[in-house]
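Nothing in this text is a laboratory measurement; each read-out follows from the coordinates by a stated rule. These numbers were taken from a predicted model, which means no experiment stands behind them. All Cβ positions, even for glycine, are placed from backbone atoms using ideal geometry, and neighbour counts span all protein chains on display.
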Amino acid sequence: MVIIMDEWLELKANFMKAIEESSDLEAIEAIRISAVGKKGSITGLMKGLGALDAEKRKEAGQLLNKIKTEVTAAIDSRKVELERTTLAAQLLKDRVDVTLPARPETTGSIHPITQTIDELTAIFCQMGFSVAEGPHIETDYYNFTALNIPPEHPARQEQDTFYLPPDDTGVPRVLRTHTSPVQIRTMEKIPPPIKIIVPGRTFRSDHDATHSPMFHQVEGLVIDKKSHMGHLKGCLIDFCRAFFGVDDLPVRFRPSYFPFTEPSAEVDIGCTREGGEFRIGKGDDWLEILGSGMVHPRVLAGCGIDPDEYQGFAFGMGIERIAMLKYGIPDLRPFYDSDIRWLKHYGFVPLDIPTVSKGINQ
Amino acid sequence: MKFTLSWLKDHLETKASLDEICDKLPMLGLEVESVQDRAKDLSDFIVGYVEKAQQHPNADRLRLCIVDIGAEKVQVVCGAPNARAGIKGVFAPPGARIPNSGDILKKGVIRGEESNGMLCSEREMGISDEHEGIIELDPNAEVGAGYATLAGLDDPVIDIAITPDRADCLGVRGIARDLAAAGLGTLKPLDTSPVKGTFKSSINWQVNLPDEEPALAPYIVGRFFRGVKNVPSPKWLQDRLTAIGLRPISALVDITNYIMLDLGRPLHAYDADKINGDIFIRLAETGEKYLALDGKEYTFSEDMIVIGDNNGVDDLAGIMGGERSGCDDQTVNMFLEAAIFDPVRTASTGRKLNIISDARYRFERGLDPTSPGWGSEMATKMILEICGGEASELVVHGREPPWQRTYMLRHSRIKALTGVEVPEEKTLDILKDLGFKVSGEGEKINCEVPPWRGDVIGEADLVEEVVRIWGFDNIPTVSMQNDTIIPRPSLNPSQIIEGKAKRTLANRDMAEAVTYSFLSSQHAILFGGDKHELKLMNPISSDLDEMRPSIIPNLISSALKNSNMGNPDVAIFEVGPQYTGASAEGQQVVAAGIRTGQTAERHWSNVSRSVDVFDVKGDVVALLEVLGAPVANLQTSVDAPDWYHPGKSGVLRLGPNTLAYFGEIHPTVLRTMSVDYPIMAFEVFLNNLHSPRSKGPNRALLKLEPLQPVKRDFAFILDKEIPAERLLRAVRGADKNLIRDVILFDSYEGKGVPENKKSLAIAVTLQPTGSSLTEEELEVLSNKIVGQVGKQVAGQLRT
């Protein structure tokens, strides 16, 4: 009996060795079949136990069970190990060159004029302004006369107006030279209080490096019973500081002349050209950026608003100009050239919608 | 408006420095364009005495000069032929900035000899083009003295921009008055006392203007001068004119210019010996001509005021004199004209003839109506002093037009309009200093406007005058107040739609463009334009002569430009106006875009393809969906306008409303625009979108079905001509409750499908509710679908 058991132990040792040496899943499966399969040698020995007497059977049974358990465990563990290495080899085989470029994504862009209008709208919205619009093709009444600019007035001549054929009744038509006619149209339509901004296209027959025949302005108009030049100052200083993102931006108001405001003021912001680099902020120089003033009593009266009861202010500025200053865009003309290189470089990500909550300056 | 500091000080008694004056001017509304302080710029340049000048040992054309500059004697190598011992010249030491070139002068060794500075020519000093030799100064000039002072160049020149309202500041005295009012000194008195004439003028005015237009020439003053010598002007006068960029001509001409610049009073001087008879002033006859002082001939129309004599017209009133009767250095008898002409008529005449002159500039902004009187007296004094001779009695036509007017100013109005409290006595002082006659006291005062302030026409102007001088810096800064803490939305629904449209299209990989509202009429006609009422009467060029009837042509031009720059794949859009008429309703907001070239750049992982009509259809549908249009209910038709390819374009409508065009641009249109590759385009008419009715923020209740949806595929054979949309509609209509979605996943023509037929394959998603669908129910539904397709589009189930 002892001898037989020694043989069994040797059998086990042989299996263990074979398991250890097996190099793939097929080999280990073959070992499993030859050891514990239906016709496997360990299975066969266990079938033979019935021929032994009860006492020996118990002893031999225990040994065989132990051998079977150990061999099976060894097979399972070797199998897991072999599966792991096989998978690892397969994965290595599936390797791709991750340095290949990713699939191209073309992203669109938002034009700086749109972005700038959205920015200033967000700021003026905070101050309670709403956005108004008006036609680009105007009568000379709205573009000039109602704004206290009579024919032959020098200010009228300076504006390089585009003319269209007069209408059927002979009324002269022009392309609006500024967004100011919307002041008149608004005052005629809605009673005070009025608090609007008017961003939009404007046209002047001027074409050189710093002038475009079409450009954009934003107009502002406030009419109520109490707004005075102090509010004008506050409104525009708050705007300039928020728009350019400079909290201590110096803003200067200088007397000037516009036919439709009285008193009138031009507004400068501080800047510096120290070291040849232009920067907006505290500095030794000033840059003119907008015109403004208290709405002329004649303009109010012409719109049916009593200038003794109501008053207010108006302002206007060039959108391209403030965009160029803010974003360091050097030339005006490429704004309208639709060169996709320019649009992509100076344009904005569509999801970058200006809001006051994340700051107007990204 | 240019003037010099010393000139200003003729009128202004002041201790203020140049910097103080230049800081103050803009705060008064007189914008400083430039300040040129030549004494500072030229401070390095001094008088040098050439003590010795000998031949350079190594160069034939150069001389070695020993120059005495006062403090020391230095050696200078000089190539000028006139560099010789005994002359005095302008010496520039090393470190000086040469005005002409802007270069900094350096010590040098020229052909082995040291050169410690330079003797300058007029060209190097920026005075003239003369470069034949070095400047030779007066032998009496003090060695080492500053050159700028010696040459009369030490008077700083200030250039200011004058706004159209401030005609009074088109003379130096007006500027001095503003500065004095602002506390920078006092205005010196001006002696305008009359000079008594010693004889009667032989020339008289013959004014023949329409009686019904008395404002054309209400007041004209003339004066005859005999026995004058039209010598060159004295140096001080020449220096001042030169400093501001005017060329001195002769005393009589220079004096008229000087009075204009000094006091804002233009004058004209005729050579009296060239005048035949009296001088007439009348309206021109059409076709009359004259040769003006600028050497050009002008032809008049009959609304222009002209001046002349028996020999014809030789002056355009208020604008420019004529060549024939002008003064020259032989002039001994002179007739002076100081007039008031209608500013409006002067402006329109000047504009029609395109003559720009200093006189016109002042006439059209409005002269002091009293100026013909004092202007001719001021000129008389200068003429007699400089040119000698005798002055006649004044020859006057008409009289001062009435200018006296008084406005009431309420002190409270200053505070109400500007928010600043100006002490009452300060208000009075400011107005008085500006020349207003102020009467009354307390809240309401009366202010008589001085004759030179034609721009002041009401209380608001008086407020501006007071606050302007008091200082805009003193106005308090008050932030805007909202009536609600959280601001209300500032955009209306259509503005919101525009903004959404832009960001939606940009999100679909398109770049936003902004192009001109105008284009060439050749392009306009291709896109339904060519309307007379939309053609510019004064276009800037023929490329930009009509308002655009569509945005597409501008985008096509952009694509062409990009393609020429090596970027053929273009996807751009613009949301902006198009114009179908000149009235406000003719201006519509359109979201337009084009795509051309390949869908994507070449890449190792994909095959890119040419863009086609379904790319732009995708843009349109996606955009409409975002903008809240009921996309499922849109009707597609094939009647897009002429600029689209008739077989590859469509129109999307909702009921009677046209929402969009999309398609390939017609090849003939492209060829006319010099484009030889296909371009896809779309136009979405944002004005035709009903702004989504405000249903509030509430969404419809979502019911998530617990049962899995069932998918069934069908393929139908139907006539080639039947639009796919009709098939989809028929299928969807088969059971509106069960059918959730229908996807067309294959469209096939060719082998296996009869001629003139096509096969369309669809996937139908069915969503059971309550209980799962049984095989029988599915069978019923399939039959319903097949039945509907058969009935509505004569489609046969493909087997």
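Structure summary
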quantity: Debye intensity ratio I(q)/I(0), log10, chain B, q values 0.05 Å⁻¹ (C-alpha model); calculated: -0.55
quantity: Karplus-derived HN-Hα couplings along segment A:258-272 (A = 6.51, B = -1.76, C = 1.60, θ = phi - 60°), whole Hz, x at Gly and Pro; calculated: 9, x, 9, 9, 6, x, 10, 9, 9, 10, 10, 10, x, 7, 9
quantity: Karplus 3J(HN,Hα) series, Hz, for segment B:547-558 with 6.51 cos²θ - 1.76 cosθ + 1.60 (x for Gly, Pro); calculated: 5, 6, x, 7, 7, 3, x, 5, 5, 5, 4, 5
quantity: Residues of type lysines that B:Lys784 reaches as a straight line, Cα spacing below 20 Å, ignoring anything fewer than 8 places off in the same chain; calculated: B:Lys711, B:Lys736
quantity: Euclidean distance of C-alpha centroids, segment B:280-302 and segment B:511-543, integer Å; calculated: 38 Å
quantity: Phi-based couplings in Hz for segment B:224-234 (Karplus 6.51, -1.76, 1.60; Gly and Pro marked x); calculated: 8, 10, 10, x, 8, 10, 7, 6, x, 5, x
quantity: Whole-angstrom gap from segment A:287-362 to segment B:202-241, using each part's C-alpha centre; calculated: 49 Å
quantity: Neighbour net charge for B:Leu293 - beta-carbon separation under 11 angstrom, K R +1, D E -1; calculated: -2
quantity: Entries of B:Lys15/B:Lys229; B:Lys9/B:Lys432; A:Lys195/B:Lys502 with Cα pairs more than 29 Å apart; calculated: B:Lys15/B:Lys229
quantity: Calculated FRET efficiency for the pair B:Ser610/B:Arg712, C-beta based, R₀ 51 Å, to 0.05; calculated: 0.90
quantity: Rounded tilt (10° steps) of B:459-470 against the dominant C-alpha axis of chain B; calculated: 70 degrees
quantity: Estimated inter-spin distance, A:Leu11 and B:Arg247, nm [label 7 Å along Cα→Cβ]; calculated: 13.0 nm
quantity: Members of B:Lys415/B:Lys437; A:Lys226/B:Lys437; B:Lys617/B:Lys648; A:Lys226/B:Lys426; A:Lys225/B:Lys415; A:Lys233/A:Lys358 lying beyond 19 Å, as alpha-carbon distances in this model show; calculated: B:Lys415/B:Lys437; A:Lys226/B:Lys437; A:Lys226/B:Lys426; A:Lys233/A:Lys358
quantity: Full-extension gain in nm, A:Thr69 to A:Asp53, via 0.36 nm per residue minus C-alpha separation; calculated: 3.4 nm
quantity: Residues of type lysines that A:Lys47 reaches as a straight line, Cα spacing below 21 Å, ignoring anything fewer than 8 places off in the same chain; calculated: A:Lys12, A:Lys38, A:Lys39, A:Lys56, A:Lys58, A:Lys66, A:Lys68
quantity: Amide H within-cut-off set for A:Leu290, under 5 Å, with H built and near neighbours excluded; calculated: A:Val267
quantity: Theoretical gain in end-to-end length, B:Ala215 to B:Ala416 [0.36 nm per residue, Cα-Cα removed]; calculated: 68.6 nm
quantity: Neighbour-count ranking [beta-carbon atoms within 10 angstrom, fewest first] of B:Ser325, B:Ser101; calculated: B:Ser101, B:Ser325
quantity: Distance from segment B:425-460 to segment B:668-689 (C-alpha centre basis), Å; calculated: 63 Å
quantity: Residue-span extension gain [B:Ser747 to B:Ile356] - 0.36 nm each, minus C-alpha spacing; calculated: 133.5 nm
quantity: Chain A, relative contact order [Cα under 8 Å, separation at least 6], %; calculated: 16 percent
quantity: Proximal lysines relative to B:Lys289, as straight alpha-carbon distance under 16 Å, when same-chain residues fewer than 8 apart are discounted; calculated: B:Lys352
quantity: Whether segment B:640-799 is rounded, prolate or oblate, judged on the alpha carbon gyration tensor where a/c under 1.5 counts as rounded; calculated: oblate
quantity: Shape box of segment A:118-270 [Cα atoms, principal axes, largest first, Å]; calculated: 52, 41, 30
quantity: Under-5 Å amide H pairs with A:His216, H placed in peptide plane, nonlocal only; calculated: A:Thr202, A:Ile319, A:Glu320
quantity: Local electrostatic count at B:Glu459 - Lys and Arg +1, Asp and Glu -1, tallied over other residues with Cβ under 9 Å; calculated: +1
quantity: Crossing angle, helix B:343-353 versus chain B [Cα axis fit, 0-90 degrees, rounded to tens]; calculated: 70 degrees
quantity: Degrees between helix B:493-507 axis and first principal axis of chain B (Cα, 0 to 90, nearest 10); calculated: 80 degrees
quantity: For B:Ile46, residues with placed amide H under 5 Å, excluding near neighbours; calculated: B:Phe91, B:Tyr147
quantity: Estimated 222 nm signal from helices in chain A, with DSSP H stretches of n ≥ 4 weighted -39500 (n - 2.57), rounded to 500; calculated: -13000 deg cm²/dmol
